[in-house]
1. Checking A286 against (1) open to solvent by 10 Å² or more (accessible area, probe 1.4 Å); (2) modelled with pLDDT under 95; (3) outside any strand (DSSP E or B): exactly one of these is not met. Which one?
2. Looking at the structure I just gave you, is G127 crowded, with 17+ Cβ neighbours inside 10 Å and in contact with a Gly (Cβ under 7 Å, 6 or more places away or on another chain)?
3. Go through (1) crowded, with 20+ Cβ neighbours inside 10 Å; (2) more than 30 Å from E81 (Cβ to Cβ); (3) of a type outside the set (D, E) one by one and return the number of the condition R201 breaks.
4. Among residues belonging to segment 214-229 that are touching a Pro at 6+ places or on another chain (Cβ under 9 Å) and outside any loop (DSSP other than H, G, I, E, B), point out the one that is nearest to P99 (Cα to Cα).
5. Quick test for you: out of T103, T98, pick the one residue that is open to solvent by less than 10 Å² (accessible area, probe 1.4 Å) and touching a residue at least 60 places away in the same chain (Cβ under 8 Å).
6. Across segment 96-121, what is the number of residues that are acidic (D, E) and within 14 Å of the chain's Cα centre (by Cα)?
7. Between a residue in segment 22-43 that is part of a loop (DSSP other than H, G, I, E, B) and any residue that is among the hydroxyl-bearing types (S, T, Y), which pairs come within a Cβ distance under 9 Å, given they are 6 or more apart or on different chains?
8. When segment 261-281 is examined, which residues are found to be open to solvent by 70 Å² or more (accessible area, probe 1.4 Å) and either over 19 Å from G96 (Cα atoms) or at pLDDT 90 or above (or both)?
Amino acid sequence: MQFQQLQYFVAVAETRHFTRAADLVHVAQPSLSQQIKALERELGADLFQRARGNITLTDAGEALLPLARRILADADTARQEVQELAQLRSGRVRLGATPSLCTGLLPDVLRAFHDRYPGIRLLIEEGGSHDLVRELARGALDLALVVLPLPTPSPALTTVELLREDLVVVSSPDAPAPGGGGSRRTVRVADLEGERLVMFRHGYDLRELTVAACRAEGFEPDFAVEGGEMDAVLGFVRAGLGVAVVPRMVAARSGSGLRVTPLTRPGLERTIALAHRSDVAPPRAARELQRMLLER
């Protein structure tokens, strides 16, 4: 049974005339008649009672008509949905990102994407780079913003460097400036020795980076509070519990209540990359979000 045969059958059933039905579906009348006969042979039953000037449905035709109409309607719906996806009127993008990027980089880009493609649902998953790489590998995400180098390099992923971002030290304006206070405009990593740090939970890329930088300067960091997510860490710093090392974009968007002190050059920076599976092309909506991120 062919889709085209069902189209011809419905046209004849609705017009009760082979020639008018052929005009309706833009096919020669002999071709339409041949396809109807082929459909009847396959089904093993006549679908029409043919008399000059009087075409009527048989019982078999009456039984087939609602089914054929439903099949044609479902096919039309499928065609429209695929076209909408192709034209970015519907669909979804599953994007993973580290919490600091959700706070700093993504809001403006996602707002621009949503304004341009309001029918696309954005599903965001926050996590450390290690977790996001695992979710990409199992197909649970279309794209992910991760920190390079990856904790476990994966040949199954393609990464494109997106930006390099400086890290800064944030502290409460009511507490002494980090590194001994004074009028210094920058602070060295070594000056954090003796400072109480508000530290992120295990698995946070910023935690590993900060701890490694302190150890490279020959000291173990002293934690006042540890285990928080980004919003909690910033809140603890505002309360004067200690200082924290955070991305510059996060500090810029965090509002009042924080003193921001850059790190002395060369300082600390992190490299952000956009990752996706190498063996599967991202959906079109995800590719469009990828383009906007790369061109931001």
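1. (1)
2. Criteria met by G127.
3. If we test R201 against (1) crowded, with 20+ Cβ neighbours inside 10 Å; (2) more than 30 Å from E81 (Cβ to Cβ); (3) of a type outside the set (D, E), just (1) comes out false.
4. Checking each candidate, the answer is C214.
5. T98
6. Counting residues in segment 96-121 that are acidic (D, E) and within 14 Å of the chain's Cα centre (by Cα) gives 0.
7. From residues that are part of a loop (DSSP other than H, G, I, E, B), the pairs are V25/Y8; V27/Y8.
8. R265, P266, E269 - these are the residues of segment 261-281 that are open to solvent by 70 Å² or more (accessible area, probe 1.4 Å) and either over 19 Å from G96 (Cα atoms) or at pLDDT 90 or above (or both).
The values are calculated or read from the model by the stated rules, or taken from the named source; none is laboratory data. In this text the structure is predicted, and so the values were computed from the model without any measurement. Neighbour counts are summed over all protein chains in view; Cβ atoms, including those assigned to glycine, are modelled from backbone coordinates with ideal geometry. Calculation scope for accessible area: heavy atoms of the full protein, side chains included, ligands and nucleic acids excluded. Shrake-Rupley method; radii C 1.70, N 1.55, O 1.52, S 1.80 Å.
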